[in-house]
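So the structure is just underneath, and the comments pick up after that.
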Amino acid sequence: MAEQLRDDYFQDPLAAFARMRAKAPVLQVALPDGSHMWMVTGYEDVRGALAEPRLYKDWGRKLQPPEWSRDPVTGYLGVHLLNLDPPDHTRLRRLVSKAFTARRVAGLRPRVEAITGSLLDAMSGRDETDLIEAFAFPLPITVICELVGIPASDRDKFQAWSHAIVSSVGAPGEFRGAAVAMYHYFTDLVAAKRQAPADDLLSALIAARDEEDSLDERELIAMLFLLLVAGHETTTNLIASGTLALLTHPSELVRLRADPSLLPAAVEELLRYANPLNHATDRFTVEPVQIGGVTIPAREWVLCVTSSANRDPARFADPDRLDIGRDAGGHLAFGHGIHYCLGAPLARLEGEVAFGALLARFPALSLAVPESSLRWRPSSLIHGLESLPVRLR
């Protein structure tokens, strides 16, 4: 019988995952929306499952019957890297990976620092603010918009669309409404870029499609969708949840302020401790697959619960303790295997710059509300706060 997860799961998923780890390495669960999934929760099993070639992503081709046809909108948005298997995945990842090499990302540091400084300047005149609205959201969305070639002035639209896409409790019409809006927006944007190319990633992807026929129209639209949503959601949550973790662990906050050289290690530990995602995106079986001694039947959905793996005491000593000096290497916040997060270097850079500048600018930073009053977004995938009210003075 499947383990039932109710709406309170969204407010404390780590407690649910700890219970699951103690019960069995792999369990069938019923999510609050009624869908049934197999959850893999232990570190070694999650890491192995993330690299398991018999756990597939391309549900449109491998899971659906031949007579099935995609919804014309979600069909366009759905053919991105996280929903593809080799060889299509290999081809598309190779095209976009050049924009996210460590060297290319390092070159973005001055611009990331400038955007960060501007946002902190705007906050300086206030006594209190919502850190997500004022800083954690606008920083990564501005960076990814500039990198891809999207007007940053449209960022509020993207926030609303993205929240609807990843929500686990919204009405089906809300999801499709956001998908339709994004589809039309990206279609118009691609047409405009074809007429007036610029020095940005979107123009480069269009050139790759038109000259080398490497991207078809659906893949191009879907790539934009993925870059935009993945390019800001996770980093927004890293900055917000990481700040909350530091504010609720004052000794670690003092330690980091006293020794800024700990920033790179602190970012890794905050990724482990406050994983921006509860789990990796869905995978499925087409034949029975054994994981952790449990056989998952064919045609079943599987979730690799990375946030649970990052709190597994079999891998990390005292895992529920925040320790910005620990070696958090091997954490699975960015996944593992062929779907390892392309944007990991950029997220690390944004995290280092954001935490360093925020803590330096506001030495009296503190929570403006009791921690118990904070609410987490109702999403199985995303582990992110709805808001983070802070005092700046």
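The values are calculated or read from the model by the stated rules, or taken from the named source; none is laboratory data. What you see is a predicted model, and the numbers here were worked out from it, not measured in a lab. All Cβ positions, glycine included, derive from the backbone under ideal geometry; neighbour counts span all protein chains shown.
The single condition from (1) acidic (Asp, Glu); (2) modelled with pLDDT under 85; (3) within 22 Å of the chain's Cα centre (by Cα) that Glu67 fails is (3).
Table: residues versus (1) over 30 Å from Asp85 (Cα atoms); (2) among the aliphatic types (A, V, I, L, M); (3) touching a strand residue (DSSP E or B) at 6+ places or on another chain (Cβ under 7 Å).
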{"site": "Val112", "(1), (2), (3)": "yes, yes, no"}
{"site": "Ile115", "(1), (2), (3)": "yes, yes, no"}
{"site": "Ser124", "(1), (2), (3)": "yes, no, no"}
{"site": "Pro138", "(1), (2), (3)": "yes, no, no"}
{"site": "Gly149", "(1), (2), (3)": "no, no, no"}
{"site": "Asp188", "(1), (2), (3)": "no, no, no"}
{"site": "Arg194", "(1), (2), (3)": "no, no, no"}
{"site": "Asp200", "(1), (2), (3)": "no, no, no"}
{"site": "Arg218", "(1), (2), (3)": "no, no, no"}
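One residue stands out in the range 309-360 among those that are among the β-branched types (Val, Ile, Thr) and crowded, with 20+ Cβ neighbours inside 10 Å: the one that is nearest to Leu270 (Cα to Cα), namely Ile324. Scanning the range 248-270 turns up one or more residues that are aliphatic (A, V, I, L, M), without any contact (Cβ under 8 Å) to a residue 60 or more places away in the chain and surrounded by fewer than 16 Cβ atoms within 10 Å (Cβ to Cβ). Identify, please: which residue in the range 19-56 is part of a strand (DSSP E or B) and among the hydrophobic types (A, V, I, L, M, F, W, C) and is, among those, nearest to Ile338 (Cα to Cα)? In this case the residue turns out to be Val40.
Being among the small types (Gly, Ala, Ser), buried (at least 22 other Cβ atoms within 10 Å of the Cβ) and closer than 26 Å to Val105 by Cβ is a description that does not apply to Ala230. Among the residues making up the range 361-385, those that are loosely packed, with under 15 Cβ neighbours inside 10 Å and either within 16 Å of Ile141 (Cα to Cα) or without any contact (Cβ under 8 Å) to a residue 40 or more places away in the chain (or both) are Ala364, Val369, Pro370, Ser372, Ser373. Within the range 20-40, residues that are in contact (Cβ under 8 Å) with a residue 60 or more places away in the chain have Cβ atoms under 9 Å from residues that are among the basic types (Lys, Arg) in these pairs: Arg21/Arg311; Pro32/Arg6, counting only partners at least 6 apart in sequence or on another chain. On inspection, Glu219 qualifies as surrounded by 16 or more Cβ atoms within 10 Å (Cβ to Cβ), acidic (Asp, Glu), in contact (Cβ under 8 Å) with a residue 60 or more places away in the chain and assigned to a helix (DSSP H, G or I).
In the range 173-201, the residues that are closer than 17 Å to Thr142 by Cα and touching a residue at least 60 places away in the same chain (Cβ under 8 Å) form Cβ pairs under 7 Å with partners that are aliphatic (A, V, I, L, M) and buried (at least 16 other Cβ atoms within 10 Å of the Cβ), at six or more places apart or across chains, as follows: Leu201/Ala99; Leu201/Leu147; Leu201/Val148.
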